[in-house]
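Trainee: Got a structure for you, written out below as structure tokens; questions coming shortly.
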Amino acid sequence: MRTKIVKLTRGAAAIAATIVALAACTSNPVADEKIAVAKASVQRAEGSGAPEYAPVELATARDELARAEKKNADRDLQPATMLAERANIDAELAEATAQQQRSHKAAMEFDMSMHTLQQETTRSSPAVQ
């Protein structure tokens, strides 16, 4: 009877150890999701002109994303999640900064063309007497 209890206890311990090992091997869906969101944000920022208009913000986002992926691979999940969130925020900032810079550039070009048009209009119209 005692042998059965010892075998049962050992079997339960082995099952518990296997469950713990499998749980440690599974990925963290929260960190994985945050990293995926950050990756998408970095890609959007890259496509929005951030490499030209917001290189510092974009570089920060890329660095934080790389660090988040490293922490996630090392199973350091809380820092991985936090770094992914920061990467997402910095990528969104890079995208917004690029959008603002492009809008500013377009407004300046429009103002210059309006000024040129006014000069042409003044030059080509006859003097009023």
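Trainee: Could you order peptides 107-116, 50-59, 28-37 by the average number of other Cβ atoms within 10 Å of their residues, highest first?
Mentor: Working: 107-116: 10.0, 50-59: 18.1, 28-37: 15.8.
Taking the mean over residues of other Cβ atoms within 10 Å, the ranking is 50-59, 28-37, 107-116.
Trainee: From the phi angles alone, apply the Karplus equation (6.51, -1.76, 1.60; θ = phi - 60°) to region 94-104 and give each ³J(HN,Hα) in whole Hz, x where the residue is Gly or Pro.
Mentor: Karplus values, whole Hz, x for Gly and Pro: 4, 5, 5, 5, 4, 4, 5, 5, 5, 5, 4.
Trainee: Among Lys71, Lys105, which comes first, then next, by fewest other beta-carbon atoms within 10 Å? Numbers along the way, then the final one.
Mentor: On the way: Lys71 20, Lys105 12.
Sorted ascending by nearby Cβ count, the order is Lys105, Lys71.
Trainee: Right, here's the next one. In sequence order, what are the phi-derived ³J(HN,Hα) couplings for region 57-62 according to the Karplus relation 6.51 cos²θ - 1.76 cosθ + 1.60 with θ = phi - 60°, rounded to whole Hz, with x for glycine and proline?
Mentor: Running phi through 6.51 cos²θ - 1.76 cosθ + 1.60 with θ = phi - 60° gives 4, 5, 4, 4, 4, 4 Hz.
Every number in this text was worked out from the coordinates using simple rules, so none of it is lab data. Quick caveat, the model's predicted, so the values are computed rather than measured. Glycine gets a Cβ as well: all are built from the backbone with ideal geometry, and neighbour counts include every protein chain shown.
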